[in-house]
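Participant: Dropping a structure here in structure tokens format, bear with me for questions.
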Amino acid sequence: MAFSILWVDDNIEELGGHVRYLGEKGYEVQGVTNGRDALAVIKDKPFDAILLDEMMPGMGGLETLEEIRKLNEHIPVIMITKSEAEDLMSRAIGKRIDDYLVKPVSPLQILSALKRQLEARRLASEEITRDYMQNFMALGDRIAQAEQPDDWEGIYKDLVAWGMDLFRYSDHGLLQTQAEQMTAANAVFGRYVREHYHQWVNEDGVTGVGDPREGGPDTPLLSPRVYETWVEPEVKNSKQVFWIVIDCMRMDQLRTIEPLLEPYYHIDRRMYWSLLPTATPYARNALFSGLYPLDIAEGYPHWWVGNADHEGSRNAHEGDLLQQLLERLDSPAAGSMRYYKVSDARDADLLHRNLGSLGDVKLVAGVYNFLDIMAHGRSQNRILKELAPDEAAFCSLMGSWFEHSNLYEVMKNLARRDCTVILTTDHGSMLCTKAVQIRGNRDTSSNVRYKFGDNLGVDETKVMMIKNPEQYRLPANTTIENYAVTTENYYLVYPTNFHEYERLYRDSFQHGGISLQEMLCPFVVLRPR
């Protein structure tokens with residue numbers, strides 16, 4: 001494919017060698033000697049890019065650039081100038097120049113600039129495709145041989161990175177291959193978690209009486225130990241800490257919004273593991289309390305409603321549980337903490353509204369529920385499902401929400417303060433595609449990714465059955481209550497009206513089960529630039 005280039009320079013006749021060199025490389029170059037001729041040519045003929053001299057008699061380069069943008073907002077313009085003045089460069093960038101070269105320029109410099117503007121996507125696509133195919137087998141071997149939490153964290157990071165790069169730059173046909181590899185990874189990961197989870201929660205020494213200890217060397221960092229391990233040290237070392245939890249956020253979704261944060265913050269990326277079930281009443285309460293659900297139910301029964309019909313109310317006391325944790329740790333924030341929970345209603349965003357009055361508060365914790373609401377709403381809203389038909393599109397939708405949200409305004413404001421910002425989640429979500437039939441009595445919980453109730457009956461090859469909840473540090477309302485936690489991309493449906501509910505929840509985002517997307521939670525520490 002030959003690219004059509006317009007070169008605007010009052011000495012264009014002296015650039016014949018450059019023009020011939022570009023011609024040999026597949027670029028068709030047309031030259032004009034002034035800005036007015038350039039505008040006339042642009043009106044009559046489409047070009048792929050423009051090389052624009054900054055210093056020309058009559059209409060100068062910046063004035064010509066301004067008029068070019070009125071005709072075509074998107075055509076790449078590369079300015080070439082003799083001046084290295086910073087103010088000139090700033091003005092050119094302000095007028096939306098795409099690249100900037102200082103004379104004298106060699107033919108290779110011109111070629112490189114054009115390649116950056118016109119061929120970067122194709123070259124990136126070819127390189128990413130080649131790299132992914134070269135690493136496909138090696139990644140498969142890593143999945144088969146993974147034995148430690150660190151192994152799985154590395155595998156998940158790479159799978160997410162490949163997925164995002166393939167979506168952004170490459171042939172989307174390879175995305176199916178990457179998705180199949182993620183599915184294969186989750187099958188092995190599900191077996192790994194089922195084998196080790198009991199050991200992890202019992203090696204993790206969170207006792208509920210202020211004695212959190214590190215787990216064994218093979219134990220990942222789980223929800224109850226996140227605050228003391230990573231948040232409290234920032235509280236002790238920073239003037240002020242803002243701890244923001246976006247409910248139900250996955251790593252790929254956080255990576256989508258990171259480019260919006262990078263101009264304002266240095267980003268320190270980490271990862272922790274959500275406990276099971278990967279659902280808000282369990283995972284987020286553990287995050288804020290530093291306790292396992294069993295410890296919360298026994299130590300604070302008035303804050304833990306046991307009836308499945310009232311499960312949502314179990315998260316009504318996160319701020320109280322956090323205050324209790326701060327007091328147990330004798331934290332500097334024990335007497336200086338504010339907690340905010342923000343739904344999708346923008347006028348209810350008290351954190352955004354009260355930001356100016358929080359200057360002396362040591363720790364500000366905020367929970368944003370909109371992403372979780374959007375994930376659940378997608379399965380019931382045809383328009384949302386059309387806007388986000390797959391996981392990559394849902395990431396884009398999440399990025400659009402964040403860019404226009406009060407939360408983004410909060411974070412831009414915080415970048416001007418002497419503070420540390422921590423952004424994380426309580427669990428992720430899984431796009432569910434395969435139904436599994438389950439039997440239970442009328443008191444069984446209504447979740448489709450996990451359930452708890454008496455005498456649950458289900459195919460245990462696809463579900464992790466927890467028949468002795470207290471040994472897994474989970475509360476049980478009766479002596480025969482057990483938990484069913486799905487693996488891979490399964491979801492649970494009752495035999496009654498099975499096909500109706502199978503269709504309703506198929507291809508929906510759910511949480512509560514065992515998957516890389518739900519359990520491996522992104523955690524970033526943001527320090528203002």
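Participant: Per residue and in Å³, how big is the convex hull formed by the alpha-carbon atoms of the stretch 113-202?
Facilitator: Details: hull volume 8.6 nm³, N = 90.
Convex hull of Cα atoms, per residue: 96 Å³.
Participant: Tell me the Rg and the Dmax, in Å, that the Cα atoms of the stretch 370-529 produce.
Facilitator: Cα-based Rg and Dmax for the stretch 370-529 come out at 18.7, 57 Å.
Participant: Within the chain, what percent of beta bridges assigned by DSSP are antiparallel, to the nearest 5?
Facilitator: Restricted to the chain, the bridges split so that about 40 percent are antiparallel.
Participant: Order these by the 10 Å Cβ neighbour count, fewest first: LEU52, LEU101.
Facilitator: Numbers: LEU52 25, LEU101 17.
Neighbour counts put them in this order, fewest first: LEU101, LEU52.
Participant: Something else about it: Compute the length gained on full extension between ASP150 and GLU24: take 0.36 nm times their separation in residues and subtract their Cα-Cα distance, giving the result in nm to one decimal.
Facilitator: Working: separation 126, 0.36 × 126 = 45.36 nm, distance 5.02 nm.
Gain on stretching ASP150 to GLU24: 40.3 nm.
Participant: For a quick check: with amide H placed at 1.01 Å from N, whose amide H comes under 5 Å from SER274's, ignoring anything fewer than 5 positions away on the same chain?
Facilitator: Here the answer is LEU520, CYS521, since their amide H atoms fall under 5 Å of that of SER274.
Participant: Still on this structure: Run the Debye formula on the Cα coordinates of the stretch 431-514, all scatterers equal and no solvent, and tell me log10 I(q)/I(0) at q = 0.11, 0.12, 0.15, 0.24 1/Å.
Facilitator: These q points yield log10 I(q)/I(0) values of -0.26, -0.31, -0.48, -1.16.
Participant: Considering amide H positions built from the backbone, and no H for Pro or chain starts, which residues 5 or more places from LYS341, or on another chain, come under 5 Å of its amide H?
Facilitator: VAL367
Participant: Which is farthest toward the positive dipole end of the chain among LEU111, ILE155, MET182, measuring Cα position about the Cα centre, with Cβ charges +1 (Lys, Arg) and -1 (Asp, Glu)?
Facilitator: In the chain, that residue is MET182.
Participant: Ok, one more. How big is the C-alpha Rg of the stretch 3-118 next to the rule-of-thumb value 2.2 N^0.38 Å, as a ratio?
Facilitator: 0.95
Participant: Which three extents, in whole angstrom, do the alpha-carbon atoms of the stretch 1-69 cover along their principal axes, largest first?
Facilitator: 32, 24, 15
Participant: Let me ask something else. Please report the Cα spread of the chain along all three principal axes, rounded to whole Å, starting with the longest.
Facilitator: That gives 91, 53, 43 Å along the principal axes, largest extent first.
Participant: Rounded to the nearest 20 Debye, what is the dipole magnitude of the chain about its Cα centre when Lys and Arg each give +1 and Asp and Glu each give -1 at the C-beta?
Facilitator: Approximately 660 debye in magnitude.
Participant: Please find the FRET efficiency linking ASP418 to ARG168, where r is the Cβ-Cβ separation and R0 is fixed at 35 Å, and quote it to the nearest 0.05.
Facilitator: 0.50
Participant: Calculated from DSSP H runs of 4 or more alone, at -39500 (n - 2.57) each and per residue, what is the 222 nm mean residue ellipticity of the chain, nearest 500? Kindly include the intermediate steps, with their values, before the conclusion.
Facilitator: On the way: 20 runs with 228 residues, N = 529.
When only DSSP H runs of four or more count, the value is -13000 deg cm²/dmol.
Participant: Counting other beta carbons within 10 Å of each residue's own, what order do SER106, SER289, SER379 fall into, fewest first? It would help to have the intermediate numbers written out before the result.
Facilitator: Numbers: SER106 11, SER289 28, SER379 17.
So the residues, fewest neighbours to most, are SER106, SER379, SER289.
All of the numbers you see were taken from the coordinates with simple rules; none came from a lab. Quick caveat: nothing in here was measured; it's all calculated off a predicted structure. Because the Cβ atoms are built from the backbone with ideal geometry, glycine has one as well, and the counts that use them run over all protein chains shown.
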